[in-house]
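Novice: Please read through the structure below; I'll follow up with questions.
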């Protein structure tokens, strides 16, 4: 099971970031290498200043979605950042910030939460993805 899971993470809403975290943790548990490439609003959510904030939900979630997410949190579901920390502890999870998005958002590497392993361009992301499928979230 060495084909990597490669996620281009664009959305910065908590529901989509939670989905990314669960997919990454599941792949890591199976021994698959995981590459996350953070762009735009997802990258913004990974800053030290914002990682623990409420980033809202996708508009289609509506009030029922908010109630369901809140119920899961109350029942003990870990926040997405904690799930990603656990996935990294399992091993094989690499999280990179998009260099272009860093420029767009006027971020320095020191602004990023320690979950982020570094900054790379899109070409490096494609090279690291190898023959693995790339999924955009």
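Please treat every number below as a calculation from the coordinates, not as lab data. Here the structure is a predicted model, which means the values were calculated and not measured. Heads up, the Cβs are rebuilt from the backbone with ideal geometry, glycines too, and the neighbour counts pull from every protein chain shown.
Novice: If a residue must be more than 12 Å from the chain's Cα centre (by Cα) and under 19 Å from residue 77 (Cβ atoms), how many such residues does the stretch 1-26 contain?
Specialist: Result for the stretch 1-26: 1.
Novice: Hey, another quick one. Go through 42, 97, 71 for me and flag whichever is in a helix (DSSP H, G or I) and under 24 Å from residue 132 (Cα atoms).
Specialist: 42
Novice: Let me confirm something: among 81, 87, which residue is within 14 Å of residue 115 (Cβ to Cβ), out of contact with any strand residue (DSSP E or B) (no Cβ under 7 Å at 6 or more places or on another chain) and assigned to a helix (DSSP H, G or I)?
Specialist: Answer to the selection: 81.
Novice: If you check residue 3 against the conditions, is it exposed (fewer than 14 other Cβ atoms within 10 Å of the Cβ) and closer than 21 Å to residue 125 by Cα?
Specialist: yes
Novice: Go through the stretch 115-137 residue by residue and tally those that are touching a residue at least 24 places away in the same chain (Cβ under 8 Å) and either loosely packed, with under 13 Cβ neighbours inside 10 Å or part of a helix (DSSP H, G or I) (or both).
Specialist: Qualifying residue count for the region: 10.
Novice: Exactly one of (1) in a loop (DSSP other than H, G, I, E, B); (2) touching a residue at least 40 places away in the same chain (Cβ under 8 Å); (3) closer than 17 Å to residue 115 by Cα is unmet by residue 25. Its number?
Specialist: Among (1) in a loop (DSSP other than H, G, I, E, B); (2) touching a residue at least 40 places away in the same chain (Cβ under 8 Å); (3) closer than 17 Å to residue 115 by Cα, residue 25 violates only (1).
Novice: Given the residues 58, 87, which is the only one that is surrounded by fewer than 18 Cβ atoms within 10 Å (Cβ to Cβ) and either in contact (Cβ under 8 Å) with a residue 40 or more places away in the chain or more than 16 Å from the chain's Cα centre (by Cα) (or both)?
Specialist: Just a single option satisfies the conditions, and that option is 58.
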